[in-house]
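Okay, so here's the structure we're looking at.
Derivation of every value follows stated rules applied to the coordinates shown; laboratory data play no part. Note that the structure is predicted; figures quoted are calculated from it, not measured. With ideal geometry, Cβ positions are generated from the backbone for all residues, glycine too; neighbour counts draw on all protein chains shown.
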Amino acid sequence: MVQDMTCEESPGDTDATNRDSTRDAGPSETIVRTEWVESGRPSIAIVEAIAEATGRDPVSVAPLYEHIDSDALDALVTAAKDSSRPDVRVSFSVDVFTIVVDGGGGLEVRARSTGV
């Protein structure tokens, strides 16, 4: 179930310095940062990042379309990347994950530690 879906423009916030996939583990959450353009579609990169955050195979991750219209998300974010508006940012929550994807190619998945 999608919770707190937001779409916002963040002027000037197109930080491209950390585009390699990184995984940060804290005492209460796991954060995966990557660039979705390598996957071609933001929705595919989100599933891959959730799999990385949980240590599971991407095939075992619940399909994203059960929570959000993944085609609409892909269209919105890739259109922003292909235009002069890469400052579009979409954030939403799915289960224990908070996902932020932007038109500049950035993706961040945060997982609260709950034994996932």
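Tell me, yes or no, whether the range 29-45 has at least one residue that is in contact (Cβ under 8 Å) with a residue 12 or more places away in the chain, in a helix (DSSP H, G or I), buried (at least 16 other Cβ atoms within 10 Å of the Cβ) and in contact with a Pro (Cβ under 8 Å, 6 or more places away or on another chain).
Of all residues in the range 29-45, those in contact (Cβ under 8 Å) with a residue 12 or more places away in the chain come to 29-37, 41-43, 45.
Narrowing the set further to residues that are in a helix (DSSP H, G or I) leaves 36-37, 42-43, 45.
Still in the running and buried (at least 16 other Cβ atoms within 10 Å of the Cβ): 36-37, 42-43, 45.
Retained after the next criterion (residues that are in contact with a Pro (Cβ under 8 Å, 6 or more places away or on another chain)): 36.
For the range 29-45, residues in contact (Cβ under 8 Å) with a residue 12 or more places away in the chain, in a helix (DSSP H, G or I), buried (at least 16 other Cβ atoms within 10 Å of the Cβ) and in contact with a Pro (Cβ under 8 Å, 6 or more places away or on another chain): present.
Might you check whether a residue that is more than 14 Å from the chain's Cα centre (by Cα) and of a type in the set (D, E, K, R) occurs anywhere in the range 95-105? Give the derivation first.
Initially, the range 95-105 is screened for residues more than 14 Å from the chain's Cα centre (by Cα), giving none.
Looking through the range 95-105, none of the residues is more than 14 Å from the chain's Cα centre (by Cα) and of a type in the set (D, E, K, R).
For the range 91-112, check the following and say yes or no: at least one residue is in contact with a Cys (Cβ under 7 Å, 6 or more places away or on another chain) and surrounded by 13 or more Cβ atoms within 10 Å (Cβ to Cβ).
First, the residues of the range 91-112 that are in contact with a Cys (Cβ under 7 Å, 6 or more places away or on another chain): none.
No, because not a single residue in the range 91-112 is in contact with a Cys (Cβ under 7 Å, 6 or more places away or on another chain) and surrounded by 13 or more Cβ atoms within 10 Å (Cβ to Cβ).
Under 8 Å by Cβ, and 6 or more places apart or on different chains, what pairs join a residue from the range 77-98 that is farther than 17 Å from Tyr65 by Cα with one that is hydroxyl-bearing (Ser, Thr, Tyr) and crowded, with 19+ Cβ neighbours inside 10 Å?
No pair meets every condition.
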